[in-house]
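The structure appears right after this line, and notes come after that.
A short reminder: the numbers here are calculations on the coordinates, not readings from a lab. Values in this document were obtained by computation on a predicted structure and should not be read as measured data. Cβ placement follows ideal geometry from the backbone for every residue including glycine, while neighbour counts extend to all protein chains displayed.
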Amino acid sequence: MALNVVEIWRDLHKTPELGFEENKTSAYLAEALEKLGYAVTRGVGKTGVMGVIRGAEHGPVLMLRADMDALPFRNDDGSIEAVHACGHDSHCAMVLAAASELAGRVRRGTLKILFQPGEETLHGALEVLKSGAVDDVDIALGCHVRPIQDIPTGTCAAAVRHTSSTFADIVIHGRTAHASRPHLGVNCAEVAAAVTQAVAAIKGDPAKVWSCKVTSIQACAAAVNIIPDTATLKLDIRAQTNELMDELLEKVRMAAAGTAAAYGATAEVILPGVVIPAAVYDEDLVAELAGTIREVLGDECLARDCGGGGEDFHFFKKERPHIRAAYFGVGAIVAISLAAPGQASRDVCLMVTGMTIANLVGVPLGSFLAWSLSWRATFAVVACAALLLILALRLWMPHVPALPNKGFRAQFRFLGHLTPWLVLGAIGLGNGGFFACYSYVNPIMETVASVPTSLMSAVIALAGFGMNALIWPSPEQYQEAIRKVDFSFAADNFYRDETHHDMDIVLPAALNFERYAPFGVHGRKVSVRRPVKPQGEVWEDWKIACTIGAAVCDPETFFHGDPVKACDSILKDWGVTYEKQQGVLPNLQTVEFFPPQTTGKHEKALLRFDGKPGFRTPSGKIELDASLQAKHGFPGLPVYVEPPKPTAEYPFKLLNGTRRPYITHSKTRSDQPYLLELEPESTINMHPKDAEKLGIKEGDGVWLVSPYCDHKVRAKVRVTILCQPGLIDAQYGWRGDQETQPLIPRKNWDPISGYPCCNDVCIRVEKA
């Protein structure tokens, strides 16, 4: 009785269970094996299941193994639930379906079907080994679904080359002392920093994949002025081979012990878990698997070997060296596994429908409607087209029956239907617009801003680089939008909870003195400096930006990620290079430069990006009345728009951009002790006459109220004649109920620049 793999998967997917808690899963699989005629043993390795069929003739013992457990997932509310995020439900479904196909066909030898518990705990295979269930196994086969980043969907890799991996703790013991007498102690924080550098200096065979890095440092005493006597470092270590793993662990022990001893401390390396073995396969068996894949699926479905991650399957080979082991990968996407029998094509098409809708409508109509009518009309058309496309898919998408394996040509039989051609055409037309980005960005940047076409990749790649959502009006709306983005990252010197908690990755950025910023222009002189070597794994923002740009766009445009080359591109206009500038140090800190004086640039075609004579305007002439703006329906000359006038309810105009000499632009003031000492809380400026009317004195607490904000904003008052009557002079960048940006609405955007009119709001002040 052949079982349906999709139906099995649907059943198992409904009941995810964590390692050694797979009670429902085990019961389901055991009952299925018993119905197929297997001799079943329950409780193998605590919660595992073993099914056995013996042939009439003596022969080898072959084991097919699948892992059962799910992963723990933390919800937004902090609760933990089990989810099948690693495909173990798929593995069990595939192996159980295979068991149903093999039942009754075993003539020689023994077939064992192992559903192993606790793979994610890294102890599942060890528990199975303790039970003795695999002592007689001669051949062991494992499998795992692989993402599209490893192998293409619909293909199989004959070998998944897992690495050895483990976690390690380095516990350092020193001697405590008062910070005023550091010579009496051994500072474990300093030792931890030195040990971190020593670990970073460890090298392995460059011909093999390996990684050895510190991922956590803890060193603290009862008070800031006490030298800590204990520190703990946590390491993640990976190696392509077991021998290399042993070598790295020994080097870690030597580096920790030797570095600590130099400071008068001791260091101990502890392995809190197990060392996962690297893959050690029988290459003849791997070659046989590759041949089987070619025979069953076709030559085009044999993918290259892939790697990454670790698997406790390899404990079987390590602990029982006689076993011939192999572990293959199956390329799969979720849509196919979710599809009902014969409906995979339909469901995959539905998966890409969202991208198709966005691109198909945006390319031919987006720019035209946006310029001719409004952005609202553009969105309305896109929405209508989306509804029509979904309706068409529902009505006309046929149920394509599953194709038998009849070779490469049979894979294209679906093209005999009209609907797939329509879908493929829609996808192609939509993708042709590069997600419609160039349709909107190019006309604006090239025509309005005069950015050359060659630099558009850079503009698009770095569109959000350097953005701080908290400095814009209604920042909570921007933060909510960021939460809905599939992937977002930030680069900063420090972790800031109010801006970074919604980021997938926070990249460590270099401090100012660690950056390649070796020049500043002061009149006819250029100041020079040599950056300090960055600590740890930090990168300066130049390098982060250029590396991202080189990866997603043109490496040449982004200097192949090299910040020195980026500096040279700026300095070349002055006839100097970064290397030349550095050459004057340490004797000089400033050097004079004499850029060539050029006249008649408009006549010599030095102003326009297209290389033509004239000025950087559509006409090539100096335009007082901007023809480009008139072309797109905007006034060619500036137009005065009267701002909102104060009312009895909201009598003050808000100026939200006051600068303090000790505050950097948009820097949060609430996370730095030295800044809080200078200014412990948000302070607004108010004219003495306004303060007198409200009965407010210097230092009084007040509430700022806006018609656009659902809560009050707290501040202290500074009474000064430097503030005009009727004006409230405030600052942004505070946390919590002191943040002033929510007072400002996301409206009244400048139609030309797209910049919000941040100060165009009236408020009232209430004494607290």
Inset, instruction - Output ³J(HN,Hα) for the stretch 315-323: one whole-Hz value per residue in order, computed from phi by the Karplus curve 6.51 cos²θ - 1.76 cosθ + 1.60 with θ = phi - 60°, and x for Gly and Pro. - result: 5, 4, 6, 5, 7, 10, x, 6, 6
Legend entry - Residues whose placed amide H lies under 5 Å from that of G19, excluding near-sequence neighbours: A70
Inset, instruction - Would you mind ranking K612, K525 by Cβ crowding within 10 Å, fewest neighbours first? - result: K612, K525
Legend entry - Rotationally averaged projected area of the stretch 94-197 (alpha carbon convex hull; nm²): 12.6
Legend entry - Centre separation in Å (Cα based) which lies between the stretch 310-330 and the stretch 722-748: 63
Inset, instruction - Quick one: which residues, 5+ away or cross-chain, put their amide H under 5 Å from the amide H of V44? H built at 1.01 Å from N. - result: V49, M50
Inset, instruction - Could you tell me the distance between the Cα centroids of the stretch 680-711 and the stretch 15-79, to the nearest Å? - result: 68
Inset, instruction - Determine the shape class of the stretch 652-767: with a ≥ b ≥ c the square roots of the Cα gyration tensor eigenvalues, call it rounded for a/c under 1.5, and otherwise prolate if a/b is greater than b/c, oblate otherwise. - result: oblate
Inset, instruction - Counting other beta carbons within 10 Å of each Cβ, put I752, I227 in order, fewest first. - result: I752, I227
Inset, instruction - Would you mind ranking V584, V286, V160 so that the residue whose beta carbon has the fewest other beta carbons within 10 Å leads the list? - result: V584, V286, V160
Inset, instruction - Over the alpha-carbon set of the stretch 164-270, divide Rg by the Kirkwood Rh and report the Rg/Rh ratio to two decimals. - result: 1.05
Legend entry - Karplus-derived HN-Hα couplings along the stretch 736-749 (A = 6.51, B = -1.76, C = 1.60, θ = phi - 60°), whole Hz, x at Gly and Pro: x, 7, 9, 6, 8, 4, x, 5, 9, x, 7, 8, 6, 6
Legend entry - Reachable lysines, given that their alpha-carbon falls under 17 Å from the alpha-carbon of K251 and they are not under 8 places away in the same chain: K203, K208, K213, K234
Legend entry - Derived scalar couplings ³J(HN,Hα) [the stretch 250-262; Karplus, 6.51 cos²θ - 1.76 cosθ + 1.60; whole Hz; x for Gly, Pro]: 5, 5, 5, 4, 5, 5, 5, 5, x, 5, 4, 4, 5
Inset, instruction - Return the long-range amide H neighbours of A177 (sequence gap of 5 or more, or a different chain), with a cut-off of under 5 Å between placed amide H atoms. - result: I227
